[in-house]
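Chemist: Structure below; questions to follow.
Please treat every number below as a calculation from the coordinates, not as lab data. Small disclaimer: the values here were computed from a predicted structure and weren't measured. Cβ coordinates were reconstructed from backbone atoms using ideal geometry, including for glycine residues, and neighbour counts include every protein chain displayed.
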Amino acid sequence: THFGFETVAEALKEHKVSAVFSSVASSYDTMNDLMSLGIHRLWKDHFVRNLNPGSNPLTTRSPDSQGWNILDIAGGTGDVAFRMLDHASTINNDAHTRVTVADINPNMLAEGRKRALATPYARSPRLSFMEANAEHLPTIPDNSIDLYTVAFGIRNFTNKDAALREAFRVLKPGGVFACLEFSKVNSSLFDAVYKRWSFGVIPLIGQLVAGDRDSYQYLVESIERFPSQTEFRDMIKNAGFLVPGQGWEDLTGGIAAIHKGVKP
Ligand code: SAM
């Protein structure tokens with residue numbers, strides 16, 4: 001830090017992440033489907049159903065009639081945001097819950113805006129897009145958000161603890177932090193198969209389908225480097241959250257996991 005090395009390293013990482021997502025923005029969904037054999041859709045469905053957006057007031061500060069104020073960080077192309085609005089409208093008959101999709105990458109946001117045109121929310125005040133770094137959200141007031149979601153985003157952040165502290169700051173007391181992310185596979189046999197798939201096949205699919213081996217190599221390595229379920233749970237606790245139960249739910253043998261924290 002004395003010599004500014006950390007800052008240079010952080011800037012390089014941010015630049016690299018930005019290049020990766022600019023490069024994959026348009027082929028993003030096809031690649032997700034190929035890489036996860038379509039399973040990411042089921043995980044996202046489960047994530048949203050379980051959060052049940054727009055059900056009864058999540059925090060004492062949001063009267064029923066106002067719906068939930070949701071911040072979907074690293075929301076990319078809007079995949080999770082559209083699901084949450086659909087769920088609020090069709091399952092909970094709630095026409096007020098709104099989602100802000102925040103992402104650091106303008107190309108991903110542009111893709112999200114384009115996709116929003118095919119949904120009922122394109123011109124609705126219930127959906128908005130915002131270019132922002134999860135580690136620093138100066139335009140979002142303290143205690144203003146009911147639900148903070150981040151799906152397959154946090155492992156790309158340079159400073160995850162800073163992002164968790166910002167999540168804590170913007171959430172209302174009683175508000176929920178919910179994260180869907182790749183995690184650690186919990187059987188060694190399954191892990192061996194999974195590693196072969198991810199390190200051997202995914203960069204190759206990236207090369208063949210998106211003409212971009214390096215970005216997909218980066219994605220696989222970032223999954224490998226991400227903390228385990230317990231380590232990440234402890235990071236959430238350290239940011240001040242209360243963690244219900246063991247703190248996470250494994251999906252597909254731990255390939256992905258959902259972590260939650262509640263702001264006291
Ligand atoms: N949530 C979406 C989904 O599940 O399909 C997109 C996930 S995509 C794998 C990761 C996203 O994180 C990218 O859109 C990228 O631009 C965004 N991202 C990376 N670093 C970020 C940061 N520091 N702040 C906000 N977004 C970030």
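Chemist: So is Ser198 part of a helix (DSSP H, G or I) and in contact with a Ser or Thr (Cβ under 7 Å, 6 or more places away or on another chain) or not?
Modeler: For Ser198, the condition - part of a helix (DSSP H, G or I) and in contact with a Ser or Thr (Cβ under 7 Å, 6 or more places away or on another chain) - is not met.
Chemist: OK, next. Of all residues in the stretch 126-147, which are touching a strand residue (DSSP E or B) at 6+ places or on another chain (Cβ under 6 Å) and either closer than 18 Å to Lys160 by Cβ or polar (S, T, N, Q) (or both)?
Modeler: Ser128, Ala132, Ala134, Asn143
Chemist: With within 25 Å of Pro264 (Cα to Cα) and either within 16 Å of the ligand (Cβ to nearest atom) or of a type in the set (A, V, I, L, M) (or both) as the only criterion, which of Ala151, Ala110 stands out?
Modeler: Being within 25 Å of Pro264 (Cα to Cα) and either within 16 Å of the ligand (Cβ to nearest atom) or of a type in the set (A, V, I, L, M) (or both) holds for just one of Ala151, Ala110, which is Ala151.
Chemist: Between a residue in the stretch 147-175 that is touching a residue at least 24 places away in the same chain (Cβ under 8 Å) and outside any strand (DSSP E or B) and any residue that is of a type in the set (S, T, N, Q) and within 12 Å of the ligand (Cβ to nearest atom), which pairs come within a Cβ distance under 8 Å, given they are 6 or more apart or on different chains?
Modeler: Matching pairs, first to second residue: Arg155/Ser222; Asn156/Ser222.
Chemist: Need a quick list: helices (runs of 4 or more DSSP H) entirely within the stretch 33-137 having at least 2 residues that are without any contact (Cβ under 8 Å) to a residue 60 or more places away in the chain and among the polar types (S, T, N, Q).
Modeler: Values: elements: 39-51, 79-86, 106-116.
Per the criteria, no element qualifies.
Chemist: Still on this structure, please answer the following. What's the number of the only condition in (1) surrounded by fewer than 20 Cβ atoms within 10 Å (Cβ to Cβ); (2) touching a His at 6+ places or on another chain (Cβ under 6 Å) that Thr252 fails to meet?
Modeler: (2)
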